[in-house]
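One structure is given here, and the rest of the page talks about it.
The values are calculated or read from the model by the stated rules, or taken from the named source; none is laboratory data. Just so we're clear, the structure is a prediction, and the values are computed from it rather than from any experiment. No Cβ is skipped: glycine too gets one built from the backbone with ideal geometry, and neighbour counts run over all protein chains shown. Ligands, DNA and RNA are excluded from the accessible area calculation, which covers all protein heavy atoms including side chains. Shrake-Rupley method; radii C 1.70, N 1.55, O 1.52, S 1.80 Å.
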Amino acid sequence: MPSAQEQFEYLTQTIDVALPEGRLLEQLESSVETGTPLRVKLGVDPTAPDVTLGWAVVFDLLRRFQEMGHIAVLIIGDFTAQVGDPSGKSATRRRLSDDEVNGHIESTLSTIKTLLLEENLEIRRNSEWLGAMDMADILEMTAGVTLSRLMDRDDFSKRWEANEPISMIELMYPLLQGTDSVAVRADIELGGNDQLLNLLMGRDLQERAEQGPQSVATVPLLVGTDGVKKMSQSLGNYISVKDTPDEMFGKTMSIPDELMPQWFRLAAGSTRDESEAIEAALADGTRHPGETKRELARSIVEKYHGAGSGQEAEAAFDQVFRDKAAPDEVPTAPLPDGDPVWVPGALAEAGLVASNGEGRRMIKQGAVKIDGHRIDEENVDRVSIADRTVQVGKRRFVRFTEPS
């Protein structure tokens, strides 16, 4: 096992806040002395069907703890997901059904496992203990928590001052998350920096349960591809860890230049010193923004798709955007029956657009081309689209073939 100081330097590359101050290093020193691994908790609520690069930041940190020999305790919030985390929200969020939550678990858990090590991994669902609580347990949980303590949260206090509603179930959320820490006897809890007060609640509840209180560590929130708000599936400003290399490369090339230092550090895995050096070089002009962004895109692609995949994705990107040509390998789809062909429906059936409506909007915007020629009509002659390459937007291609 590496020394405590070596572990600390490796683990804190992406950590922005660790509380209580100095406690994390003390825990690592104690772990090295006793040979006892730390129990490092991360709770995730399955409220969306995909895993984004932003979400992966905290999984990367959890994996670093695993690499140092500590136990990753991954809490799947199947119970808390139905309550809804109010962190950062300006209004009461819609509660999810049990079926919705289980669907999200099914679509994300296998991906999350690929981001972590198989060894030193413990996975629990918090319905195990939260679902078994009765009214006496709930009253005991809430007895030592004051409303003023909960109102320390900016999101609650702002909504209170604006006379916006705050439901009782939202006030309960931090206590439920804190109860998770008690249930798994966490030594450390990780989360995004919008989770800090939720994480600190776990310390309070552990002390009341006569456990040693956990330390907490947070990571910054990765800004999305729009350059404005945190990466979010609901906002559409995200890159999925399951995106193809070409999609991942192309989407990364679309981010604003000012995001690059943060993305190098959080999304590509560069060290803090490396990302700060990149930021300084971009500022003084010794680094070219375009070439730097290509380096970033290659690094992110290779992190998820392996060595060499970044260069291949870059070549495909250049073929499409610099050389104005279709990629070498274009997926095929059967052309729907009928002549003329209604293009919005054909695009939706081929998966190039999410709906007929999106297909119609893309045509109106001039974003649909057949063999490089823009179309402005929804219906086209069958002969003009069969066995030809159709492009939607910048990165979506298909070749429609006649059904056999």
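Per-structure values
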item: Tally of residues being out of contact with any Phe, Trp or Tyr (no Cβ under 8 Å at 6 or more places or on another chain) and open to solvent by 40 Å² or more (accessible area, probe 1.4 Å) across the range 23-42; result: 11
item: Looking only at the range 1-22, and only at residues there that are open to solvent by 40 Å² or more (accessible area, probe 1.4 Å) and assigned to a helix (DSSP H, G or I), the one that is farthest from R64 (Cα to Cα); result: Q5
item: Residue within the range 268-277 that is in contact (Cβ under 8 Å) with a residue 40 or more places away in the chain, in a loop (DSSP other than H, G, I, E, B) and in contact with a Phe, Trp or Tyr (Cβ under 7 Å, 6 or more places away or on another chain) present; result: no
item: Complete set of residues in the range 33-68 that are aliphatic (A, V, I, L, M), closer than 17 Å to V223 by Cα and part of a helix (DSSP H, G or I); result: L53, A56, V57, V58
item: Cβ-Cβ under 6 Å pairs, at least 6 apart or on other chains, the range 316-334 side aromatic (F, W, Y), far side open to solvent by less than 40 Å² (accessible area, probe 1.4 Å) and modelled with pLDDT of 70 or more; result: F317/F249; F317/G250
item: Some residue of the range 89-96 being assigned to a loop (DSSP other than H, G, I, E, B) and at pLDDT 95 or above; result: no
item: Tabulated pairs, the range 20-45, first β-branched (V, I, T), second in a helix (DSSP H, G or I) and surrounded by 15 or more Cβ atoms within 10 Å (Cβ to Cβ), C-beta under 6 angstrom, 6+ apart or interchain; result: V32/A4; V40/F65
item: Failed criterion for R287 (all others in (1) part of a helix (DSSP H, G or I); (2) of a type outside the set (A, V, I, L, M); (3) open to solvent by 50 Å² or more (accessible area, probe 1.4 Å); (4) farther than 17 Å from K394 by Cα hold); result: (1)
item: F249, sole failed condition from (1) in contact with a Phe, Trp or Tyr (Cβ under 7 Å, 6 or more places away or on another chain); (2) surrounded by fewer than 23 Cβ atoms within 10 Å (Cβ to Cβ); result: (2)
item: Meets criteria (in contact (Cβ under 8 Å) with a residue 12 or more places away in the chain and more than 20 Å from T80 (Cβ to Cβ)) for G236; result: no
item: First in the range 246-264 and in a loop (DSSP other than H, G, I, E, B), second anywhere and surrounded by fewer than 18 Cβ atoms within 10 Å (Cβ to Cβ), Cβ under 7 Å, 6 or more apart; result: I255/G227; P256/G227
item: Evaluation of Q66 against (1) open to solvent by 30 Å² or more (accessible area, probe 1.4 Å); (2) at pLDDT 95 or above; (3) more than 25 Å from S232 (Cβ to Cβ) (one fails), failing number; result: (1)
item: Meets criteria (under 27 Å from the mean Cα position of the chain (by Cα) and surrounded by fewer than 17 Cβ atoms within 10 Å (Cβ to Cβ)) for I112; result: no
item: When residues of the range 142-190 are limited to those that are charged (D, E, K, R) and touching a Leu at 6+ places or on another chain (Cβ under 7 Å), the one nearest to L42 (Cα to Cα); result: E189
